[in-house]
Amino acid sequence: MSPIRLLVLAALGYILYRLLISGPKTGPSATAAPDNSQQVDDVLVEDQICHTYIPQQGAESCKVAGTTYYFCSPECRKKFQSEQRR
């Protein structure tokens, strides 16, 4: 068998292998449209002191001059409030 014929057969075998492995897509992800009803209701907010990002719903908050600031912990909130008093 010539090297070119062997190379062509190897390439065809690889293509056949990839087709068999991927196969036809079945199941809910292949047949149904994406479900957008699972919207994320929470957003990440940045802590003003340690600059970490935390979920808004679980964050400590403080309102200063009409602006709400969010913090990862009560300690960061207290530190921010003490800096605002200066």
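None of the figures in this text is laboratory data; all of them are computed from the coordinates on show. For clarity, every value in this text was computed on a predicted model and none was experimentally measured. Note that each Cβ is placed from the backbone with ideal geometry, even for glycine, and that neighbours are counted across all protein chains shown.
Can you sort 63, 78 from fewest to most other Cβ atoms within 10 Å of each residue's own Cβ?
Working: 63 8, 78 14.
So the ranking, lowest neighbour count to highest, is 63, 78.
Report the calculated FRET efficiency for residue 17 and residue 46 (r = Cβ-Cβ distance, R0 = 41 Å), to the nearest 0.05.
The computed FRET efficiency comes out at 0.30.
Fully extended, how many nm does the chain gain between residue 8 and residue 61 (0.36 nm per residue separation, minus their Cα-Cα distance)?
Numbers: separation 53, 0.36 × 53 = 19.08 nm, distance 6.60 nm.
Additional length available on full extension: 12.5 nm.
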Amide H to amide H, which residues 5 or more places from residue 69 or on other chains are under 5 Å from it, using H placed in the peptide plane?
62, 63, 64
Non-local residues with an amide H under 5 Å from the amide H of residue 49, with H modelled 1.01 Å from N and Pro and chain starts lacking one, are none
